[in-house]
Amino acid sequence: IEDAVNMLKSDNSIHSINAAVHLQHACFNNDGVKATIKRLGGILHLVRMVDSKNEEIQLSAIATLRNLAYGKANDESKGAILRHKGIPVLANVLRRTGSPHVREEIVRLLWNLSTLEAAKEQLLNLTLDVLAKLIEDHSISAGEGSLSDTQWPTIYANATGTLRNLSSSTNLSSRQMMRKLDHLINALITVTHLSVQRKDFDGKCVENSVCILRNLSYNLEEEVDHGLDIAEGYKKIKLKKRSVLGKIFNDRKTNLEAKSVILPENNRNIKGIAILWQTSTIEDYLAILQEGRNTDTIEAVVGAIHNLTACNWRFSGHIRYVVRREKGISILRDLMQFEDEKVFTAVVTALNNLALDEFNKDLIGDIALSKLIDRILGRNNQFTLTDISLCSLIKALCVLMYKNSKNANRLVDSGILPHLTVLSRKNSGRGRDVIKASNSLLFTLWQYKHIRSSIKKAKW
């Protein structure tokens, strides 16, 4: 290894290429060799080789750096690439190269580097526009039929994978920068829609695309210019409620409670951030949930829905209505059967936010409440609920019980009260959040006077 690292400095291109190729294979899935290469200063020489005008030298160096940066256990190697100015070098070569092979290898390396939190800001500043353009170009090619139904280039998966990691940053500016790129958001929506049309629900490209869309949908009420709240192309409709599985009736003869919802026209030509809350986008999301089997994709789509319905602004009300109208609540209910806790937690959180709409609250009580109760009672559980999942579930029940005596009666009749009182105690074996949520749920139920005797009997 030491000899190969020393040969990287050779003026003889054949020697340096052979040395890089040797190191590439030697460090593959071998953290010990990776640490040795880093300790011997090999990363600095490899970064310098990337800036070569010789394509073979570039490719051999980039491939070796990619292996060195692969995996969460190799953050030190990623940090070394960062310290040796590797990201500016990679960004410059990515912009100027005419080689599709060099371009593809660089983007693969960027995906590995994007898992390092310290590298995200520099990656955003130096590569976001180039990666967004790559994504846009491939979405246009796909839309024009230049790609076959199943052919998504590897570079698209790598580019979206990089932005998936960058958009998950805790730094608000990362989401803001991406939201300003209208062509990026529209490209991601286009790819999602094409994937639905082609019934490609489980591929890596659609997975990465919806993960980015989920992240960009986070905290919209606080982070997006409220000037969008008066966007054109929206109409106000009146909804009337009858409590029969949440159906919507427009019978003027009935004296039913009415509610206004802002409903956008179903327009796929809208550009930029506003397309995130279009009816057409929600329809594509629900199609993926109904047909998909990739749990990462499903979790991301459900996450996008619960992000979009978490806000108080009017578009959240629209989405809560559209999800109900498109039978989305029954789709979410069925997803609770997945043997995946991340999916379950995302579904419960989405139901929580959807239940902020009184019509949805009734419907969830009618068709999904029994399944939520079964999970708390441990009936038909495919996995043991962690504190995070259990807390999310109990919080959803709090929303469903609030000002809805029908749901409260169902909960009490299920026999769950003794179980809740156990969870509400400090010696329950659960964390503080679960204990607090359980007490909040019992307090919510206490507001119904006819239920108090049952709660007392359960010794709360």
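Summary of values
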{"quantity": "Lysine-lysine proximity count for the range 1-144, Cα under 30 Å, sequence distance 8 or more or distinct chains", "calculated": "29"}
{"quantity": "Given charges at beta-carbon only (K, R positive; D, E negative), |dipole| of the range 368-460 in Debye", "calculated": "320"}
{"quantity": "Proximal aspartates and glutamates relative to LYS199, as straight alpha-carbon distance under 15 Å, when same-chain residues fewer than 8 apart are discounted", "calculated": "ASP149, GLU207, GLU283, ASP284, GLU291"}
{"quantity": "Cβ-placed point charges (K, R +1; D, E -1), dipole of the chain about Cα centre in debye, nearest 20", "calculated": "2440"}
{"quantity": "10 Å Cβ shell holding at most 15 others, DSSP loop, GluC sites (Glu not before Pro): longest site-free stretch of the chain", "calculated": "1-143"}
{"quantity": "Whole-angstrom gap from the range 386-447 to the range 8-32, using each part's C-alpha centre", "calculated": "59"}
{"quantity": "Given charges at Cβ of Lys, Arg, Asp, Glu: the chain dipole, positive-most of THR192, ILE270, GLN382", "calculated": "GLN382"}
{"quantity": "Estimated FRET transfer efficiency when R0 is 56 angstrom, pair ILE388-GLU2 (beta carbons, to 0.05)", "calculated": "0.75"}
{"quantity": "Using distinct alpha-carbon pairs, which all enter the 1/r mean, Kirkwood radius of the range 368-460 in Å", "calculated": "13.1"}
{"quantity": "Degrees separating the helix 432-446 axis from the principal Cα axis of the chain, which is the longest one", "calculated": "20"}
{"quantity": "In Hz, Karplus ³J(HN,Hα) per residue of the range 350-367 (6.51, -1.76, 1.60; θ = phi - 60°; x = Gly, Pro)", "calculated": "5, 4, 4, 5, 5, 6, 5, 8, 4, 5, 5, 4, 5, 5, 4, x, 6, 10"}
{"quantity": "Proximal aspartates and glutamates to LYS180, defined as alpha-carbon separation beneath 20 angstrom and excluding residues fewer than eight positions away on the same chain", "calculated": "GLU121, ASP129, GLU136, ASP137, GLU221, GLU222, GLU223, ASP225, ASP229, GLU232"}
{"quantity": "Percent of Cα-Cα distances greater than 32 Å, calculated over the chain", "calculated": "50"}
{"quantity": "Calculated Rg and Dmax of the range 1-113 using C-alpha coordinates, Å", "calculated": "12.4, 35"}
{"quantity": "Assigned charges on the beta-carbon of Lys, Arg, Asp, Glu; the range 19-144 dipole about Cα centre (debye)", "calculated": "480"}
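Readers should treat all values here as calculations from the given coordinates under stated rules, not as data from a laboratory. Worth saying up front: this structure is predicted, and the values here are computed from it rather than measured. Cβ atoms come from the backbone with ideal geometry, glycine included; neighbour counts cover every protein chain shown.
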